[in-house]
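Q: Take this structure, written in structure tokens, and hold onto it; I'll ask about it next.
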Amino acid sequence: MLRDKNVVLGVTGSIAAYKAADVASKLTQAGAKVDVILTQSAQQFITPLTFRSLTLRPVYADMYDAGSRLAEQHVFLARSADAIVVAPASATSIARLAQGLSDDLLSLTVLATTSPVLVCPAMDSQMFENAATQQNLQILKQRGMTVVGPGVGRLASGHTGAGRLVETEEIAGALRYVLGRGGDLAGQKVVVSAGGTQEPLDPVRYIGNYSSGKMGYALAEAARDRGADTVLVSTPVAMAMPYGVRRVLVRTAAEMREAIISECRDADALIMAAAVADYEPAAAADEKIKHREGALTVELRPTADILSEASGERLIKVGFAAESSGLLANAQAKLAAKGLHLIVANDITTTDAGFGTDDNRVVILHPNGGQEHLPLMPKYDVAWRILDRVAVLLRERS
Ligand SMILES: Cc1cc2nc3c(=O)[nH]c(=O)nc-3n(C[C@H](O)[C@H](O)[C@H](O)COP(=O)(O)O)c2cc1C
């Protein structure tokens, strides 16, 4: 997604400037060409050398540097940028951008660009809450800039409150979101389910499964990166909330059913990557079940079949079949029985793919019996390939 994208990273005079080194590094590792602009104040906190070493590119710290390309064309960074990220954005720089000033290289570059601009504020909470800063941020939003954060927590000033620079992953997610707007899934609502359901036995125990949610979250991120209006129906998992995705948190199969049925009414595609319990306890105990001699018998009853039930006027349905034996035959039978447009089969007995891993090896099965065997690849890449097929189905449908 970020490969070969030209990203201008504007770093301003905030104590969080050191975190911008991580942003520059991660964006570079993701394949972006990162051109860093440092304000004069930023250079009190961090040196151009740090960014030059991380990005392997020139760093721009002086608008009037006769030795840089700026001397030939002072707006070349504004023109070449696919996106500009100001992180951290100080109160002063936010005010400068809101005023439309161009008295330093960063404000000049923002003023001269037509590309998306992300502004990630970082400052003391009282500076952030000040009406002047709030109004300036409002102006930036009204002009179409995307304000990311700030986070809430302990600040360098010793206060606790809003003002922390958001994590690098959130900045990268927001960047992918703005770059993906207008992608091939723009205007389509895609619902993705993720995680393993938790069926309560008593107030402290549940029947669950080993699903990590990684495949579903990768699908939601990839759908967002292609411009879809993405809804993630997820159980509680140890995954960061993807920027630009609406998440609906559920716990049980019954809650997941309710959320999915409701979200699918006006959706274009449903991709069920969640591991939904096939059975739930007929009744959960009101009190914690005590240890005692002898066996404990719990009556289980079948849960609803969400994939079969979910419907919408124009819904493309994609299922997952996690199987420990008879992979392709079982997946093909499930595809037919549930009236799916595609099913993604993965063998959960292998150790390098499936539950909890970062990679997956899947087979995509089609209703006409066609099979696509994909090699082992990161779950995000698997998600992208599944969405390639979904995009074709959506085009055919319209
Ligand atoms: C130690 C120290 C830390 C600072 N941290 C911040 C900060 O986190 N956010 C902020 O808006 N200003 C902060 N400032 C004030 C800015 O550096 C100052 O407003 C400066 O004019 C910002 O200029 P710039 O936006 O052109 O980089 C800090 C100042 C000092 C001395």
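The values are calculated or read from the model by the stated rules, or taken from the named source; none is laboratory data. Quick caveat: nothing in here was measured; it's all calculated off a predicted structure. All Cβ positions, glycine included, derive from the backbone under ideal geometry; neighbour counts span all protein chains shown.
Results for (1) more than 30 Å from Gly153 (Cα to Cα); (2) acidic (Asp, Glu); (3) part of a strand (DSSP E or B), shown as yes or no for each residue.
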{"position": "Val8", "(1), (2), (3)": "no, no, yes"}
{"position": "Ala24", "(1), (2), (3)": "no, no, no"}
{"position": "Gly31", "(1), (2), (3)": "yes, no, no"}
{"position": "Gln73", "(1), (2), (3)": "yes, no, no"}
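Q: Quick one: Asp65 ticks every box in (1) over 21 Å from Glu170 (Cβ atoms); (2) among the charged types (D, E, K, R); (3) buried (at least 19 other Cβ atoms within 10 Å of the Cβ) bar one, so which box is it?
A: The single condition Asp65 does not satisfy is (3).
Q: Return the pairs, sorted by first residue and then second, in which the second residue is more than 6 Å from the ligand (Cβ to nearest atom), the first residue lies in segment 84-95 and is free of Cβ contacts under 8 Å to residues at least 24 places away in the same chain, the beta carbons are less than 8 Å apart, and the residues are 6+ apart or on different chains.
A: Correct list of pairs: empty, since none qualify.
Q: Could you identify the single residue in Asp82, Asp124 that is among the acidic types (Asp, Glu) and within 12 Å of the ligand (Cβ to nearest atom)?
A: Asp124
Q: When you look at Ala391, is it in contact (Cβ under 8 Å) with a residue 40 or more places away in the chain, in a loop (DSSP other than H, G, I, E, B) and assigned by TED's automatic domain parsing to the domain that holds Ser193, yes or no? Please lay out each step first, then the result.
A: On the way: in contact (Cβ under 8 Å) with a residue 40 or more places away in the chain: yes; in a loop (DSSP other than H, G, I, E, B): no; assigned by TED's automatic domain parsing to the domain that holds Ser193: yes.
No, not satisfied.
Q: Another one. Which of the residues spanning segment 210-238 are surrounded by fewer than 18 Cβ atoms within 10 Å (Cβ to Cβ) and over 21 Å from Ser262 (Cα atoms)?
A: Tyr210, Val237, Ala238
Q: Could you list, in sequence order, all residues of segment 196-252 that are of a type in the set (Ser, Thr, Tyr) and part of a strand (DSSP E or B)?
A: Residues satisfying the conditions are Tyr206, Thr230, Ser234.
Q: Can you work out which of the residues in segment 127-158 that are in contact with a helix residue (DSSP H, G or I) (Cβ under 7 Å, 6 or more places away or on another chain) and of a type in the set (Val, Ile, Thr) is farthest from the ligand (Cβ to nearest atom)?
A: Thr146
Q: Here is a further query. Could you grab me the full set of residues in segment 14-29 that are away from the ligand (no atom under 16 Å from the Cβ) and crowded, with 19+ Cβ neighbours inside 10 Å?
A: Passing the criteria: Ala24, Leu27, Thr28.
Q: Hey, another quick one. Across segment 30-46, which residue is farthest from the ligand (Cβ to nearest atom) among those that are within 20 Å of Pro121 (Cα to Cα) and either out of contact with any helix residue (DSSP H, G or I) (no Cβ under 7 Å at 6 or more places or on another chain) or of a type in the set (Lys, Arg) (or both)? Let's see the steps before the verdict.
A: Narrowing segment 30-46 to residues within 20 Å of Pro121 (Cα to Cα): 34-46.
Keeping just the survivors that are either out of contact with any helix residue (DSSP H, G or I) (no Cβ under 7 Å at 6 or more places or on another chain) or of a type in the set (Lys, Arg) (or both) gives 40-41, 43-44.
Values: Gln40: 6, Ser41: 3, Gln43: 9, Gln44: 7 Å.
Applying the filter and picking the extreme gives Gln43.
Q: Does any residue in segment 24-41 that is not assigned by TED's automatic domain parsing to the domain that holds Asp381 come within less than 8 Å, Cβ to Cβ, of a residue that is within 16 Å of the ligand (Cβ to nearest atom) and polar (S, T, N, Q) six or more places away or on a different chain, and which pairs are these?
A: Filtered contacts from segment 24-41: Ile37/Thr109; Thr39/Thr12; Thr39/Ser90; Thr39/Ser93; Ser41/Thr12; Ser41/Ser90; Ser41/Thr92.
Q: A further question follows. Somewhere in segment 140-156, is a residue surrounded by 23 or more Cβ atoms within 10 Å (Cβ to Cβ), at pLDDT 95 or above, over 27 Å from Thr28 (Cβ atoms) and of a type in the set (Val, Ile, Thr)?
A: no
Q: Still on this structure, I have one more. Quick check, is Ile364 in contact with a Gly (Cβ under 9 Å, 6 or more places away or on another chain), among the β-branched types (Val, Ile, Thr) and buried (at least 19 other Cβ atoms within 10 Å of the Cβ)?
A: So Ile364 fits the description; yes.
Q: Going residue by residue through segment 57-73, is there one that turns out to be under 29 Å from the mean Cα position of the chain (by Cα) and more than 16 Å from the ligand (Cβ to nearest atom)?
A: yes
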